[in-house]
Amino acid sequence: MFLKIYHKYIIKKYLFTFLQLLIVFSSLIFILNIFEEINFVKDKNISFHYSIILTLLNLPSTIYELSPFIFLLSAQFFFIKILENDELDAFKKFGLSNTKILSAVSITTFFIGILIVSLFYNFSAELKYFYYDLKNKIS
């Protein structure tokens with residue numbers, strides 16, 4: 001199946017919005033978790049680097065748990081962007097319906113979701129195991 005130019009454009013714009021929100025959520029999770037880990041490590045007389053390592057080990061599992069919200073918000077921001085730029089009117093003038101635009105976004109989200117569940121979950125579970133193991137050794 002060959003993708004038409006508008007499919008490529010919609011998918012690229014949606015993936016860019018998804019990656020932007022993924023970076024924002026990752027930054028917020030990192031900032032919030034680093035404070036928690038610093039609080040945990042400060043009484044143990046352990047280096048500050050352990051709190052960074054613990055935060056980075058816990059980050060993927062938290063992102064996995066928040067991925068439905070990231071998908072929801074990225075779809076909403078995608079549609080807001082195309083509405084603000086009047087791209088939706090341009091799509092309709094060229095014969096695209098809302099269903100075709102929504103189906104391109106839905107199929108892209110479905111395949112990203114499959115990748116996240118099949119690959120990213122295993123990776124985040126392994127890192128979560130190391131996180132708990134390291135935290136047990138510290139405490």
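The values are calculated or read from the model by the stated rules, or taken from the named source; none is laboratory data. The structure presented is a predicted model; accordingly, all values stated were derived computationally and were not measured. In this analysis, Cβ positions are derived from the backbone assuming ideal geometry, glycine residues included, and neighbour counts consider all displayed protein chains. Only protein heavy atoms, including side chains, enter the accessible area calculation; ligands, DNA and RNA are left aside. Shrake-Rupley method; radii C 1.70, N 1.55, O 1.52, S 1.80 Å.
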query: Which of the helices (runs of 4 or more DSSP H) contained wholly in the range 30-131 include at least 3 residues that are among the polar types (S, T, N, Q) and without any contact (Cβ under 8 Å) to a residue 24 or more places away in the chain?
result: 98-115
message: I'm checking my understanding of the structure. Among residues of the range 1-30 that are modelled with pLDDT under 95, out of contact with any Ser or Thr (no Cβ under 9 Å at 6 or more places or on another chain) and of a type in the set (A, V, I, L, M), which one is least open to solvent (accessible area, probe 1.4 Å)?
response: LEU3
- prompt: Which one is nearest to LEU88 (Cα to Cα), of the residues in the range 31-51 that are in contact with a Ser or Thr (Cβ under 6 Å, 6 or more places away or on another chain) and among the hydrophobic types (A, V, I, L, M, F, W, C)?
  reply: ILE34
Conditions (1) surrounded by 13 or more Cβ atoms within 10 Å (Cβ to Cβ); (2) modelled with pLDDT of 90 or more: number failed by TYR129: (1)
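With respect to LEU54, is the statement that it is modelled with pLDDT of 95 or more and either touching a helix residue (DSSP H, G or I) at 6+ places or on another chain (Cβ under 9 Å) or crowded, with 17+ Cβ neighbours inside 10 Å (or both) true? Give the steps one after another, and end with the answer.
Details: modelled with pLDDT of 95 or more: no; either touching a helix residue (DSSP H, G or I) at 6+ places or on another chain (Cβ under 9 Å) or crowded, with 17+ Cβ neighbours inside 10 Å (or both): yes.
Here the answer is no, as LEU54 does not meet what is asked.
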